[in-house]
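Asks: To start, I am sharing the structure in question, which I have written as structure tokens.
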Amino acid sequence: MPAKSRFHRLDAFTKTVEDARIRTTSGGVVTITSLIIILWLVWGEWSDYRKVVVRPELVVDKGRGEKMEISMNITFPRVPCELLTLDVMDVSGEMQMGVMHGINKVRLSPSSEGSRVIESKALELHKDEAHHMDPEYCGECYGAPPPTDGAVKSGCCNTCDEVRNAYASISWSFGRGEGVEQCEREHYAEHLDEQRKEGCRIEGGIRVNKVIGNFHIAPGKSFSNGNMHVHDLENYFKDETHTFTHTIHHLRFGPQLSDVVIADMQKKHANSGPGGWTNHHINPLDGQDQTTNEQAYNFMYFIKVVSTAYLPLGWEKAAPRPGKFDELLGTTIDGNYKGSIETHQFSVTSHKRSLQGGSDEEQGHKERIHARGGIPGVFFSYDISPMKVINREAREKSFSGFLVGLCAVIGGTLTVAAAVDRAVYEGANRIKKMHSN
């Protein structure tokens, strides 16, 4: 048997001759309608194929020896910059007292005058390297041992700040520096009086070990006394208007994400269903206000930090982020970067109490009794979660799925259209026969 006849027997698509075909007006209408429906459904299939969704995963965080950036912008309208100190410590034993690198203090006018910016400086507000002094000059430390780190001249106290550090090293209270030559030369007491009614904004970033730790903003020079962390509070309590009322404009763990990146994340999370991601999910303390009229009062924030990675489509092929950005504080990830984004989310609970102790009846908790004592200020204790959230971008539908959907749309629509056309044709014929009879 010829090969041609074998294939004839396998043909599932039998044809009719042209003369046996009948074209009708109703068939044309059904055909146009079905083509419109096919185009609409094909566009829907294409949109679904192009749609990017975010699929969250929860894994164990296996990172070791990592650093974490903490960025802050906090305003204290009733404490002058001269009195504020930022200290950082963690369970690894690392302690950063009087942090100066990456952080600025912005002097603000009294709140009654609108809290306008007066000047912005690093935390060393009154550092005086005494270039005008005799090169052989060696200032007295007034009974305290000379500071070993950061001194202008080894074995000497040539500036007021060095005398203060020397006093702090042996847990001595410093006060206003009366009778201290260096402080009188630098007008330290006059600076205190000048700034007494001012406010202060702490802004910038610090880099810490990615372990359990805390940082706090409290008044006075800080020092360690045995196992205790202590602040010199003498100048803080001399003015009754000083309180730790504050506004947290932002507190962030991890790099800054640009508005373009955040908007793109929100859009893709919205595609994944209800509960789309917002910036508030990352930084829940942004815009937080706390007020008190007591001097001896502290605020505590207990933060649980969760490592979070965001993996865009094609992140494996993207050029790695330059290493210099990992070393710089305050760098921003913009929309041009297509690689993986390593950041952190956090949840927070807060607590506040008077250092005088007593009942918490004013807050509606008669049964709660506060302990007495402590340091006034704002304290942030952070804990690192052992889990890591990975938000991975993915296509909602694969290309093969798109092709299957395309075939189903075309085949299904044409089949239904053929059935509709046949029904219309048969119905029209029956009506004609009824009228002819």
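The values are calculated or read from the model by the stated rules, or taken from the named source; none is laboratory data. What you are looking at is a predicted structure, and each value in this text was computed from that prediction instead of being measured. Neighbour counts run over all protein chains shown; Cβ positions are idealised from the backbone, glycine included. Accessible surface is based on the protein model in full, side chains and every heavy atom, while ligands, DNA and RNA are left aside. Shrake-Rupley method; radii C 1.70, N 1.55, O 1.52, S 1.80 Å.
Asks: Find which of Ile170, Asn158, Asn209 sits farthest along the positive direction of the dipole of segment 146-220, computed with +1 on the beta-carbon of Lys and Arg, -1 on that of Asp and Glu, about the Cα centre.
Replies: Positive-most Cα among the choices belongs to Asn209.
Asks: Tell me the per residue accessible area of segment 151-224 using a 1.4 Å probe; a whole number in Å² is fine.
Replies: Numbers: 2670 Å² over 74 residues.
For segment 151-224, the solvent-accessible area averages 36 Å² per residue.
Asks: Something else: Suppose R0 equals 22 Å; then what is the FRET efficiency for Trp40 and Leu313 from their Cβ-Cβ distance, rounded to the nearest 0.05?
Replies: Values: r = 27 Å, r/R0 = 1.21.
Using R0 = 22 Å, I get an efficiency of 0.25.
Asks: R0 = 30 Å: FRET efficiency of Met228 with Ala263, Cβ-based, nearest 0.05?
Replies: E between Met228 and Ala263, to the nearest 0.05, is 0.05.
Asks: For Gly377, list long-range residues whose amide hydrogen, built 1.01 Å from N in the peptide plane, is under 5 Å from its own amide hydrogen.
Replies: Amide H to amide H, under 5 Å and 5 or more residues apart or across chains, Gly377 pairs with Tyr297, Asn298, Phe299.
Asks: Quick one: 3J(HN,Hα) in Hz for segment 136-143, Karplus 6.51/-1.76/1.60 with θ = phi - 60°, rounded, Gly and Pro as x.
Replies: 8, 5, 9, x, 6, 9, 6, x
Asks: Another question, if that's okay. Taking 0.36 nm per residue of sequence separation and subtracting the Cα-Cα distance, how much length would be gained by fully extending the chain between Ser154 and Arg55, in nm to one decimal?
Replies: Details: separation 99, 0.36 × 99 = 35.64 nm, distance 5.84 nm.
Here the segment from Ser154 to Arg55 would lengthen by 29.8 nm.
Asks: Per residue of segment 339-354, what does 6.51 cos²θ - 1.76 cosθ + 1.60 with θ = phi - 60° give for ³J(HN,Hα)? Whole Hz please, x for Gly and Pro, Karplus curve as stated.
Replies: Once θ is set to phi - 60°, the couplings for segment 339-354 become x, 5, 10, 9, 9, 9, 9, 8, 10, 8, 10, 10, 8, 9, 7, 7 Hz.
Asks: How many percent of Cα pairs in segment 371-437 exceed 13 Å? The partial results should precede the final answer.
Replies: Details: 1812 of 2211 pairs.
Of the Cα pairs, 82 percent sit more than 13 Å apart.
Asks: Turning to a different aspect of this structure: Can you compute the FRET efficiency between Asp289 and Val420 using 1/(1 + (r/R0)^6), with r the Cβ-Cβ distance and R0 = 56 Å? Round to the nearest 0.05. All intermediate terms of the calculation are to be shown ahead of the outcome.
Replies: Details: r = 65 Å, r/R0 = 1.17.
Once rounded, the FRET efficiency stands at 0.30.
Asks: Arranged from highest to lowest average of other beta-carbon atoms within 10 Å per residue, in what order do the peptides 82-90, 253-261 appear? Each step should come with its number before you reach the end.
Replies: Details: 82-90: 20.6, 253-261: 17.9.
Taking the mean over residues of other Cβ atoms within 10 Å, the ranking is 82-90, 253-261.
Asks: Right, here's the next one. Just to check I understand the Karplus step: with θ = phi - 60° and J = 6.51 cos²θ - 1.76 cosθ + 1.60, what whole-Hz values come out for segment 41-46, glycine and proline as x?
Replies: 5, 5, 4, x, 4, 5
Asks: Under the rule of at least 5 residues apart or a separate chain, name every residue whose amide H is placed under 5 Å from the amide H of Gly254.
Replies: The list, which skips near neighbours in sequence, is Glu69, Ile70, Ser71.
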